[in-house]
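The structure appears right after this line, and notes come after that.
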Amino acid sequence: MKPASSITLNRRTLLTGAASAALLPVVGMPKASFAQDNVVKIGFLAPLTGAVAAWGKPGLDGCRIWADWVNEAGGVEVGGQSYKVELVSYDDEDDAGKARTGATQLIRENDVKFIMMLGGNSWPGVEEIAARQGMMVSTLLPSDLTPDTETLIAPCEVHPIYNVTGVDWLAANRPELKTAVVCAQDDALGKPSVATYLAAFEAAGIQMASPPLFFDPATTDFAPVMTQLLANNPDILCLDTCYADYVQPLCEQAFQQGYKGQIISCTLDFYQRIVERTSKEFMEGVIFQFPDFDDQALNDPRINFRKPNEFYAEYVKRYGANEWSAVSWEYSSILDLWADAAQRAGSIEPDAVLAAMKDGGTGKHAFGEARWWGKDLFGIDNALVGDWPVVVIRDGKATIAEFRSIPEWWDKNSELLLKHMSDLGLLWNQRT
């Protein structure tokens, strides 16, 4: 691991502030007192620098808030004892080799009891050591799951399956839109998402105006990409799960090339910057899947994320509104599930916590009750699936339009998703 003093920001990194701060211990002394031995360490193994830092570092920042709040309230009560939560982070730079080194350090040197990851490109480096050590690991990408990944869970984000909710909502609210195009970087994040969008568009009766456009992750000039996408005058421009530093130039190019149609994307991180570089009018109605947590719809009784509005306000206070991303809340939501399971298990050991978390086949997902699911698609029921929000830009602000059910869509259209995943070689038995 690089020492904090040596970390530098990659030219693609959109985040501001010193990246080295992401590798420091949680700031702020807790008010509660803990016995010296009553500390449980949680590993955070994700990209904190580089092209994918927007899906790592903001999550660690959110976890710092979660840990501070929990520790100030007395810690996590497990088996009659109070445990202070200590976060131990490692920057895997979205690289499998660095992730392997990080996982080894977190498990053997830091004695963590749980590891949270972004997953995807980095997961293959961790899979073997996690299985050998019996370490419970979470991923934001359930496409990492296979029947062999028994200790890997996707308890929060069910990427890319939730993308069907945005297309489903769009088809119901704008039935006049009949054609679409989609692009993505050619990698483990882009391909499964493309398959999901293709299935969702087909289920909605929306035709593809051209085949999916996969571009090299090293692409820096997006003018030709957008020109190719718009060549057939699509009604819908889908930006798939493009990285944050691809979405912004893609939107700018669509604006500059005079696109007037509907835009839909998985994420729209730092969307305020895109509005500034284009216009409110251009971004009006853009659909994506990740809300700001000041949204009043998150105060619905079914929501299981604790104090979402207060969490957002504290995040903005500490790091700034422009640093909020799709993952700012997700890892914290996973920590909620972990703490609840540890309390019910009466243990902080990974095997006991995992068993308690999956007990009964359901769980308290951030957006409501959900079920452990995935065997048909991933070969194992280790993804927690339920409702997911559809978010729409209205007057320059992200707004939750509706919560839609992923299981309901799956029950009607599972064959389509399996077909498109198979066509791209993404089913678990094809990947293994």
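The values are calculated or read from the model by the stated rules, or taken from the named source; none is laboratory data. It should be emphasised that the depicted structure is a prediction, and the values quoted were computed from it without experimental measurement. All Cβ positions, even for glycine, are placed from backbone atoms using ideal geometry, and neighbour counts span all protein chains on display. Please note that ligands, DNA and RNA were not included when accessible areas were found on the heavy atoms of the full protein model with its side chains. Shrake-Rupley method; radii C 1.70, N 1.55, O 1.52, S 1.80 Å.
On C-alpha positions alone, give me the angle between the axis of helix 163-173 and the longest principal axis of the chain, in degrees, nearest 10.
40
Cα axis of helix 244-256 to longest principal axis of the chain: angle in degrees, 0 to 90, nearest 10?
Around 20 degrees separate the two axes.
Rounded to the nearest 0.05, what FRET efficiency do residue 73 and residue 381 have when you use their Cβ-Cβ distance and R0 = 35 Å?
So the FRET efficiency works out to roughly 0.60.
Semi-axes of the equivalent ellipsoid of region 180-292: what are they in whole Å, largest first, if each equals the square root of 5 times a C-alpha gyration tensor eigenvalue?
In descending order, the three semi-axes are 19, 16, 15 Å.
In whole percent, and with a 1.4 Å probe on the protein chains, what portion of the accessible area of region 99-227 is carbon and sulfur?
That fraction is 46 percent.
I want to verify the translational diffusion coefficient of the chain in µm²/s; compute it with Stokes-Einstein, Rh as the Kirkwood radius over Cα pairs, at 25 °C and 0.890 mPa s.
Translational diffusion coefficient: 113 µm²/s.
Please give the per residue accessible area of the chain, computed with a probe of 1.4 Å over protein heavy atoms only, in Å². It would help to have the intermediate numbers written out before the result.
Working: 16460 Å² over 432 residues.
I get 38 Å² per residue for the chain.
Would you mind getting the Kirkwood hydrodynamic radius of region 377-432 from its Cα pairs, rounded to one decimal in Å? Display every interim value, and only then the final one.
Values: mean 1/r = 0.0738 Å⁻¹.
About 13.5 Å, per the Kirkwood formula over Cα pairs.
In square nanometres, what is one fourth of the surface area of the convex hull spanned by the alpha carbons of region 331-374?
Seen from a random direction, the Cα hull of region 331-374 projects 3.2 nm² on average.
For region 250-299, what number results from the quotient of the Cα radius of gyration and 2.2 N^0.38 Å?
Ratio of Rg to 2.2 N^0.38 Å for region 250-299: 1.21.
Which peptide among 332-340, 77-85, 229-237 comes first, and what is the full order, when sorted by highest mean count of other Cβ atoms within 10 Å?
Highest-to-lowest ranking by the protection proxy: 332-340, 229-237, 77-85.
Stokes-Einstein D for region 125-210 at 37 °C, 0.692 mPa s, Kirkwood Rh over Cα pairs, in µm²/s?
223
How big is the Kirkwood radius of region 91-165, worked out from every pair of different alpha carbons and given in Å to one decimal? All intermediate terms of the calculation are to be shown ahead of the outcome.
Working: mean 1/r = 0.0806 Å⁻¹.
So the Kirkwood estimate lands at 12.4 Å.
Does anyone have the angle between helix 57-72 and the longest principal axis of the chain? Alpha-carbon axes, 0 to 90°, nearest 10?
Roughly 40 degrees between the two axes.
What residue among 408, 323, 109 has the largest mean-square fluctuation in a Gaussian network model of the chain, using Cα springs under 10 Å?
Of the options given, 109 has the highest mean-square fluctuation.
Taking H as built 1.01 Å from N, whose amide H comes closer than 5 Å to the amide H of residue 387, not counting residues under 5 places away?
Result for residue 387 returns 406.
Please report Rg (one decimal) and Dmax (integer) in Å for the Cα set of region 277-381.
Over region 277-381's Cα set, Rg and Dmax evaluate to 17.0, 53 Å.
Could you compute the FRET efficiency for residue 223 and residue 109, with r as their C-beta to C-beta distance and R0 at 41 Å, rounded to 0.05?
0.30
Using modelled amide H (1.01 Å from N, peptide plane; none on Pro or chain starts), what sits under 5 Å from the amide H of residue 215, excluding residues fewer than 5 places away?
Here 184, 185, 186 satisfy the definition.
Whole number please: convex hull volume per residue, Cα atoms of region 343-406, in Å³.
122
Relative to the compact-globule scaling 2.2 N^0.38 Å, provide the ratio for the alpha-carbon radius of gyration of region 323-432.
Relative to the rule-of-thumb radius for its length, region 323-432 sits at 1.27.
Over region 40-118, what lengths in whole Å, largest first, do the semi-axes of the equivalent ellipsoid take, defined as the square roots of 5 times the eigenvalues of the alpha-carbon gyration tensor?
25, 15, 7
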